[in-house]
Amino acid sequence: MVFEHVLKSSEEFWATCIPHLSVDNVVFGFHDTQLKVLLLQINEGKDWILPGGYVRKNENVNDAVKRVLKERTGADNIFLQQFATFGDINRSEAFFKEYPDDLWHKQRFISTSYYALVDYTAVVPLTDEFSDACKWVNVEELPNLVMDHTLILKKALEVLREQLIYKPIGYNLLPEEFTLTELQRLYEAILGVKLNRGNFYRRVMKFGILIKSDNVRKGGAHKSPDLYKFDQSKYHESLKSYSW
């Protein structure tokens, strides 16, 4: 971090934000058969953090989360799920040990954490004066995350896997139209296991949650695969009682 920027922002946060309350977001996307997470690179490329921020005095917590994500991704209408609160002693203070004790960032913060599901193709990762990069990283190849952000990310992934059976997760991570193979690859990427193709197809079709599209994906030497889209109401209802 640039020392001057941190000190300046500290003054602004003391004036405009609620002390001791922060939000941390785990933003998931799906691309090239991989589950990815959006991370910020700081300290001249040494460390990585989750996209997060603070709650302004004149806004609701949920609105703060949406604002932070809008600033980082440029995307609206993001699926959000609050999944945990983190408030251990010295969870973030030590990271700012070189700064004055009255620095805003150095205070003890209770973080309300959300996971977000976004269409990878609709997101343009954005940096700011504190970050050197903002980019997608494969969840299986995570860099060094500072503070307790590794713990937050792992908890988010754990909850995502648990909620896969009843939340509209595929609906938010896949494009509007997709193949059955792409849907299977998504579930495999989230669960971290291989699924039997025949069993997966039969079970998915049995739910009645898919609508076959009249469109055809062009390109390739072989017959174009069928395209599908979700019937959102049936998707949510059908997956409530099923476990992979």
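Here, each number is a calculation from the coordinates, and none is a lab measurement. Model, not experiment: these values are computed from the prediction. Cβ coordinates were reconstructed from backbone atoms using ideal geometry, including for glycine residues, and neighbour counts include every protein chain displayed.
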Query - Long-range HN-HN contacts of Ala84 with modeled amide H, under 5 Å - result: Ser113
Report summary line: CD proxy, 222 nm, the chain: helix-only mean residue ellipticity via -39,500 (n - 2.57) per DSSP H run with n ≥ 4, per residue, nearest 500, stands at -9500 deg cm²/dmol
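Which of Ser9, Ser92, Ser224 has the fewest other C-beta atoms within 10 Å, and how do the rest follow up to the most? Write down the numbers at each step before the final one.
Details: Ser9 18, Ser92 21, Ser224 12.
Going from least to most buried by this count: Ser224, Ser9, Ser92.
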Query raised in the report: Over 26 Å between Cα atoms, which of Lys106/Lys154; Lys154/Lys234; Lys66/Lys154; Lys46/Lys97; Lys212/Lys234; Lys8/Lys57 qualify?
Result: Lys154/Lys234
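Two-decimal Rg/Rh of the range 175-238 from alpha-carbon positions, Kirkwood Rh? Before the final figure, lay out each step's value.
Details: Rg = 12.4 Å, Rh = 12.7 Å.
We get a ratio of 0.97 for the range 175-238.
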Query raised in the report: Can you list the HN-Hα couplings for the range 16-32, worked out from phi with the Karplus curve (6.51, -1.76, 1.60; θ = phi - 60°), rounded to whole Hz and with x for Gly and Pro?
Result: 10, 10, 7, x, 6, 10, 9, 10, 10, 10, 10, 9, 9, x, 10, 7, 6
Query raised in the report: Taking N as the number of residues in the range 87-132, what value does Rg over Cα atoms divided by 2.2 N^0.38 Å take?
Result: 1.60
Report summary line: The ³J(HN,Hα) series, computed from each phi in the range 170-185 with the Karplus coefficients 6.51, -1.76 and 1.60 at θ = phi - 60°, rounded to the nearest Hz and given as x for glycine or proline, is x, 4, 8, 9, 9, x, 4, 10, 7, 8, 5, 5, 5, 5, 5, 4
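Rule-of-thumb check for the range 35-109: C-alpha Rg over 2.2 N^0.38 Å? Please report the intermediate quantities before stating the final value.
Numbers: Rg = 14.3 Å, N = 75, 2.2 N^0.38 = 11.3 Å.
Expressed relative to 2.2 N^0.38 Å, the Cα Rg reads 1.26.
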Report summary line: Counting sequence-distant residues (5 or more places) and residues on other chains, those with an amide H built under 5 Å from that of Val27 are Leu38, Ala116
Query raised in the report: Check Asp47: other-chain or 5+ apart residues with amide H under 5 Å from its amide H, H built from backbone geometry?
Result: Ile42
Requested in this report: May I ask you to derive the relative contact order of the chain, considering only C-alpha pairs under 8 Å and at least 6 residues apart, and to give it as an integer percent?
Outcome: 22 percent
Report task. For a footprinting-style exposure proxy, rank Ile110, Ile152 by other Cβ within 10 Å, fewest first. Result -> Ile110, Ile152
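Taking only the C-alpha atoms, wrap a convex hull around the chain and report its volume per residue in Å³ as a whole number. Walk me through the numbers on the way to the answer.
Working: hull volume 34.1 nm³, N = 244.
Per residue, the Cα convex hull of the chain comes to 140 Å³.
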Query raised in the report: ³J(HN,Hα) across the range 48-63 via Karplus (A = 6.51, B = -1.76, C = 1.60, θ = phi - 60°), whole Hz, x for Gly/Pro?
Result: 10, 9, 7, x, x, x, 10, 9, 6, 5, 10, 9, 6, 4, 4, 5
Requested in this report: Quickly work out the Asn90-to-Asn77 label distance, labels modelled 7 Å from Cα along the C-beta direction, and quote it in nm with one decimal.
Outcome: 4.7 nm
